[in-house]
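The values are calculated or read from the model by the stated rules, or taken from the named source; none is laboratory data. Just so it is clear, the structure is predicted and the values come from calculations on it, not from any experiment. Positions of Cβ are backbone-derived with ideal geometry, glycine not excepted, and every protein chain shown enters the neighbour counts. Keep in mind that these areas ignore ligands, DNA and RNA; they rest on the heavy atoms of the full protein, side chains included. Shrake-Rupley method; radii C 1.70, N 1.55, O 1.52, S 1.80 Å.
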Amino acid sequence: PARLRAYLTQAQFSGTPLTTPELLDATATLLDHWTLGAQESAALARLLARAEGLRPAGRVTDRLGRGGQAYVNDSRGLRRMLIMDPATGAVLGLESTFTEPEPAYGVEEGDVMSYSAWMR
């Protein structure tokens, strides 16, 4: 996990420890470029388990119809929801939803800003 955290910090072009939102963004970047094996997925799960402010939100079905365990983090008007496979610890998806309206942009509370779903 320590080496993975260092890699993700470098991938985010940050010289300081990553905040939880930054860690989740870095996780998305990682999974967009790499397919993780069991050992790497376990390291990522351990890293995410230590993330401050990432709290369990119960069972969900992701956008590909897979069951998963959700974890959420609220920060700066966004709720990021991480979805993990409870059996393997692999990250299945990540969604960002507005928690506050942004009338200037036509955004209402609850609108989805982005989502990603990864298949192995």
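Summary table below
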| read-out | value |
| --- | --- |
| Filter result for Gly65 (surrounded by fewer than 19 Cβ atoms within 10 Å (Cβ to Cβ), small (Gly, Ala, Ser), closer than 30 Å to Glu108 by Cβ and out of contact with any strand residue (DSSP E or B) (no Cβ under 8 Å at 6 or more places or on another chain)) | yes |
| Hits in the stretch 28-41 (condition: open to solvent by less than 40 Å² (accessible area, probe 1.4 Å) and in contact with a helix residue (DSSP H, G or I) (Cβ under 7 Å, 6 or more places away or on another chain)) | Leu30, Leu36 |
| Filter result for the condition that a residue is within 20 Å of Leu8 (Cα to Cα), touching a Ser or Thr at 6+ places or on another chain (Cβ under 8 Å), open to solvent by less than 70 Å² (accessible area, probe 1.4 Å) and modelled with pLDDT of 95 or more, over Leu44, Leu24, Leu92 | Leu44 |
| Hey, Met113 open to solvent by 30 Å² or more (accessible area, probe 1.4 Å), farther than 13 Å from Thr27 by Cβ and not in a loop (DSSP other than H, G, I, E, B) or not | yes |
| Residue check for Pro101: over 16 Å from Arg120 (Cα atoms) and exposed (fewer than 13 other Cβ atoms within 10 Å of the Cβ) | no |
| Criterion violated by Gly53 - all others in (1) touching a strand residue (DSSP E or B) at 6+ places or on another chain (Cβ under 7 Å); (2) part of a loop (DSSP other than H, G, I, E, B); (3) at negative phi satisfied | (3) |
